[in-house]
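What follows is a short report on a single structure.
Values quoted throughout were computed directly from the atomic coordinates according to the rules given, and no laboratory measurement underlies them. Please read these numbers as outputs of a predicted model, since none were measured by experiment. Every residue, glycine among them, receives a Cβ derived from its backbone with ideal geometry; neighbour counts consider all protein chains shown.
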């Protein structure tokens with residue numbers, strides 16, 4: 001692919017090659033949630049910190065995803081950063097055939113956020129309650145920036161990762177995070 005090629009000029013083969021190349025970057029796995037009036041969740045790996053002052057984070061959501069509509073209509077959202085033992089939850093919220101609405105949370109342990117009421121998964125590495133701050137065009141995705149209203153880091157478990165299209169975990173000696 002040349003630098004001057006636009007995404008629209010990429011053929012299907014090149015687009016799949018690009019997707020596989022993006023997938024080589026190992027990243028954490030999150031579940032993004034919205035609350036009232038219709039609770040919804042989605043597994044996502046497009047998540048990152050943005051700023052400490054003000055406290056901001058971002059998530060990127062495909063414009064064709066159901067979550068895109070819910071985030072666009074909601075003032076608040078949650079992010080649960082999954083631990084290595086939460087692959088089942090990640091697969092559940094990635095399944096487009098699952099039951100929707102509040103019933104989709106019947107398969108996992110969760111609680112409503114203290115400030116916003118958005119569903120937050122239990123047993124995660126970190127959880128954030130956010131107010132939608134800005135949104136930006138990101139091609140076939142929208143970049144939603146949230147102002148962090150609350151944060152909790154309830155466990156010191158290992159993270160769930162995704163790389164090359166597969167869930168992965170790290171071995172304890174692979175990394176060391178300072179306290």
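Across the range 30-165, C-alpha contacts under 8 Å between residues 6 or more apart give a mean separation that, scaled by the residue count, equals a relative contact order of 30 percent. Going through (1) -0.29, -0.37, -0.55, -0.88; (2) -0.39, -0.50, -0.73, -1.09; (3) -0.26, -0.33, -0.49, -0.79, the figure that equals log10 I(q)/I(0) by the Debye sum over Cα atoms at q = 0.08, 0.09, 0.11, 0.14 Å⁻¹ as computed for the structure here is (3). For the range 140-165, the residues whose backbone nitrogen is under 15 Å from a point 7 Å from the Cα of residue 24, taken along Cα to Cβ, are 163-165.
Rounded to the nearest 500 deg cm²/dmol, what is the calculated helix-only ellipticity per residue at 222 nm for the chain, with -39500 (n - 2.57) per DSSP H run of length n ≥ 4? Result for the chain, helices only: -4500 deg cm²/dmol. The simple spin-label model puts a point 7 Å past each Cα toward its Cβ; for residue 157 and residue 96 those points are separated by 2.8 nm.
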